[in-house]
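What follows is a structure written as structure tokens; I'll ask about it next.
No value in this document is a laboratory result; all are computed from the given coordinates. Because the structure is a prediction, the values reported are computed rather than measured. Positions of Cβ are backbone-derived with ideal geometry, glycine not excepted, and every protein chain shown enters the neighbour counts.
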Amino acid sequence: MDIIIFAIVGVVVGLGIGFAIAKSLEKKKASGTIQEAENRASGIIKEAKNEAESIKKDKILQAKEKFIELKSEHEKVILARDKKIGDAEKRTRDKESQVSSELSKNKKLNKELENKSKQLEDQIADYEHRNDYLEKKQEEIDKLHNSKVQQLEVISGLSAEEAKSQLVESLKDSARADAMALIQDTIEEAKLTAQQEAKKIIINTIQRIGTEEAVENCVSVFNLESDDVKGRIIGREGRNIRALEAATGVEIIVDDTPEAIILSCFDSVRREVARLSLHKLVTDGRIHPARIEEVVKKTRKQIEEEIIDIGKRTVIDLGIHGLQPELIKMVGRMKYRSSYGQNLLQHSREVAKLCGVMAAELGINPKLAKRAGLLHDIGKVPETETEVPHAILGMQWAEKHGEKAEVCNAIGAHHDEIEMNSLLSPIVQVCDAISGARPGARRQVLDSYIQRLKDLEEIAFGFGGVKKAYAIQAGRELRVIVESEKVNDEKASNLSFEISQKIQTDMTYPGQVKVTVIRETRAVNIAK
């Protein structure tokens, strides 16, 4: 409508302008100009009407689209609101149903609680009644017990305390027997489970080691080309032999043995110094006290260098690295020392190899095991005498020279002087026993051997019921014969265990000692 008005205003303005122009123009052209203006105005009006109609239609279409859009949005809002209201109503209905169900449950629970409370009250009353009844019965039983005890005391002639002590003693004996049987069963069970694997490891270890059997004596024989040299060795009024004995600390025995002189000394190093010195003196031919002292001094220095060289070669052969020079020297000194006739260096090398193989079988560091095995007996080669056990002395030296704690503990614990705190310690102990107990490894002095057998038999006779005892198989087995009247079968088994424990704690011996207890009964009759 505004457009139409605007068009009309435009037309009126145009007419006014036309009239003004017409007035100024020639009167002759007025009518033609007016006609032309009217035609133009009518065209403008027509165009304005057409344009207005098109604009009107567009606006109407836009209005309709806007209305439809607003209507759809309004419907969406109404639907969302209706949905929320429906959800709220549903939740309300659910809550109402839940509250009603809980109320019904609470009512049932209240009823059950009332019933249980009533039952509990009844039970309490019944319990009190029974308790009163039991107290009365207990009083009656106590009275009856006291009367019976008094009657038993009168019949047996023993008081209650005396009878109780006798009963306790009998129970102690029974418990002790049961405990012994249990200990024996436990030991047997452990042997059954562990013996097979232990045998396998030890057999594999021993089979993989090839060792020499070396036996050392306390004497060395020095062979001579002729007996004429003996006089030169003895010297005028024995001055040469006395000078040699004083310089070396070795007893030199010159007897009727043809072409031989015996060198006697417990120290293998001294004996070796004397042997080499005597060889140099005899070879050189100049034998007199001054020359003897000079040769002994040079030989002793040579032996010390040889000891160091032996220690180095041993360490290299076993693949042990980083050993302190002082410990290497101690290893070399072991060549000139023996234990029960077994060369100490050979024994230590053997133990080192056994330890390495056994540690490898058990999954432990074999190099560390070899180190501990080689050093386990270094306490046996002190330069000065000491009262400290060789295992403790060796452990102290190893600690002083910076060895690892496992190695030090294995050295100190291989004779059970200290407690074992690593798996390396029992390996060294076992390998030491294997090396020392194998056939041909060691030779004991006859007197100590006989004394050990006597001590074994004496330990067996220290137990009651033992009739005879025999140490057989070079002291590896103790056979005990008991009196069948005094020792039953169960007691014989316990006696075997007790004797083995006594031997283990009181005696020192290589290897193992088997204790066999024999109990037999004989019925003898004579047919006439």
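Can you give the Rg to Rh ratio of segment 447-518, both from alpha-carbon atoms, with Rh computed by the Kirkwood formula?
0.96
With r defined as the distance between the Cβ atoms of ARG291 and ILE316 and R0 fixed at 51 Å, what FRET efficiency is calculated, to the nearest 0.05? Let's see the in-between values first.
On the way: r = 37 Å, r/R0 = 0.73.
That pair, ARG291 with ILE316, gives E of 0.85.
So how do TYR133, TYR470 line up by other beta-carbon neighbours within 10 Å, fewest first?
Neighbour counts put them in this order, fewest first: TYR133, TYR470.
Would you mind checking which residues have amide H under 5 Å from GLU251's amide H? H placed 1.01 Å from N; only 5 or more apart, or other chain.
Residues meeting the criterion, in which the H sits 1.01 Å from N, are SER264.
How about LYS136: which lysines have a C-alpha closer than 24 Å to its C-alpha, ignoring those fewer than 8 places off in the same chain?
Within the straight-line limit of under 24 Å, LYS136 reaches these lysines: LYS148.
Taking θ as phi - 60°, what are the ³J(HN,Hα) couplings along segment 174-186 by the Karplus curve (6.51, -1.76, 1.60), each to the nearest whole Hz, with x for Gly and Pro?
Once rounded to whole Hz, the list reads 5, 5, 5, 5, 4, 5, 4, 4, 5, 4, 4, 4, 5.
Quick one: 3J(HN,Hα) in Hz for segment 136-143, Karplus 6.51/-1.76/1.60 with θ = phi - 60°, rounded, Gly and Pro as x.
5, 5, 5, 4, 5, 5, 4, 4
How many nm is it between the label spots at THR516 and LYS59, if each spot is 7 Å from the Cα in line with the beta carbon?
In this crude label model, THR516 to LYS59 measures out at 13.5 nm.
Give me the extension gain from LYS172 to GLU89: residue separation times 0.36 nm, minus the current Cα-Cα distance, reported in nm with one decimal. Spell out each step's value before the answer.
Numbers: separation 83, 0.36 × 83 = 29.88 nm, distance 8.31 nm.
Roughly 21.6 nm would be gained on extension.
Grab the beta carbon distance between GLU161 and THR186, set R0 = 41 Å, and tell me the FRET efficiency rounded to 0.05.
Calculated transfer efficiency: 0.70.
Residues in segment 334-373, backbone N under 13 Å from the label point at MET420 (7 Å along the Cα-to-beta-carbon vector): list them, ranges by number please.
359
Please find the FRET efficiency linking SER484 to THR283, where r is the Cβ-Cβ separation and R0 is fixed at 60 Å, and quote it to the nearest 0.05. The partial results should precede the final answer.
Numbers: r = 73 Å, r/R0 = 1.22.
For R0 = 60 Å, the calculated efficiency reads 0.25.
While we're looking at this one, here's another question. Taking a cut-off of 18 Å between Cα atoms, list the lysines near LYS280, but don't count ones fewer than 8 places away on the same chain.
Once the sequence-local lysines are set aside, what remains near LYS280 is LYS230, LYS297, LYS298, LYS301.
Students often forget the sequence filter, so: which lysines lie under 30 Å Cα-Cα from LYS367 once same-chain residues fewer than 8 apart are removed?
Here the lysines satisfying the reach criterion relative to LYS367 are LYS191, LYS199, LYS200, LYS312, LYS329, LYS335, LYS353, LYS380, LYS400, LYS404.
While we're on this one: At 0.36 nm per residue, minus the direct Cα-Cα distance, what do ASN39 and ASP309 gain on full extension? Give it in nm, one decimal, please.
Length gained, ASN39 through ASP309: 82.9 nm.
For a quick check of your reading of the filter: which GluC sites (Glu not before Pro) in segment 328-391 sit in a DSSP loop and have no more than 11 other Cβ atoms within 10 Å?
Passing both the DSSP loop test and the Cβ count: GLU383, GLU385, GLU387.
If neighbour count is taken as other Cβ atoms inside 10 Å, put SER174, SER425 in order from fewest to most.
SER174, SER425
Going 7 Å from the Cα of ARG232 along its beta-carbon direction, which residues of segment 250-278 have the amide nitrogen within less than 16 Å of the resulting point?
Of the residues in segment 250-278, 259-261, 277-278 have backbone N under 16 Å from the label point off ARG232.
Another question about this same structure. Taking amide H atoms as placed 1.01 Å from N in the peptide plane, list the residues 5 or more away in sequence, or in a different chain, whose amide H sits under 5 Å from that of LYS467.
ILE481, VAL482, GLU483
In whole Hz, what ³J(HN,Hα) sequence does segment 491-498 give by Karplus (6.51, -1.76, 1.60; θ = phi - 60°), x for Gly and Pro?
My calculation for segment 491-498 gives 5, 5, 5, 5, 5, 4, 5, 5 Hz in order.
Can you sort THR92, THR521 from fewest to most other Cβ atoms within 10 Å of each residue's own Cβ?
Arranged by neighbour count, lowest to highest, THR92, THR521 become THR521, THR92.
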